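Engineer: Encoded as structure tokens, here's the structure I'll be asking about.
Since every read-out is calculated from the coordinates, none of them should be taken as a lab result. As the structure is a prediction and not an experimental result, all values here were calculated from the model.
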Amino acid sequence: MRRLYAAIAIFLALGCGSAPVPVATGAPGHRDMLLQAEIDSNRTAGMSVYDLLAKVRPEYLRSRGSNSLRDVTPPTAVVYVDNVKYGTLDALRQMSAENLAQVQYLSATNATTRFGMDHGGGAILITTK
């Protein structure tokens, strides 16, 4: 019986161990961050920010689905440029990718915590050179 209790205790102890926490390195391929090196390697002359994101991080541009029974319009990300609200995703079509230093995507939860309501689709934070 002691062996059974010991085996259960060991099993529970091993099951309670935590997995390593992923670190936001911003390395190429990181899903929430697009840094200068990756921007430069994927940008072509005359490319808009929207086109660059569609090529490298298309998930930033997708709707996350409706989050209300009243308003069935799926929310999309709100765009901020240098910490100033810039507009909707369509505004990225007129913005040149030449001046980009970094692009970061915030989930709906993180965007709502940081900027308040009306961020059900998240936020795209653009830092320019």
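Engineer: Under the rule of at least 5 residues apart or a separate chain, name every residue whose amide H is placed under 5 Å from the amide H of HIS119.
Structural biologist: Long-range HN contacts for HIS119: none found.
Engineer: If you stretched the chain out fully between GLN94 and HIS30, how much longer would it get, using 0.36 nm times the residue separation minus the C-alpha to C-alpha distance?
Structural biologist: Answer, rounded to one decimal: 20.5 nm.
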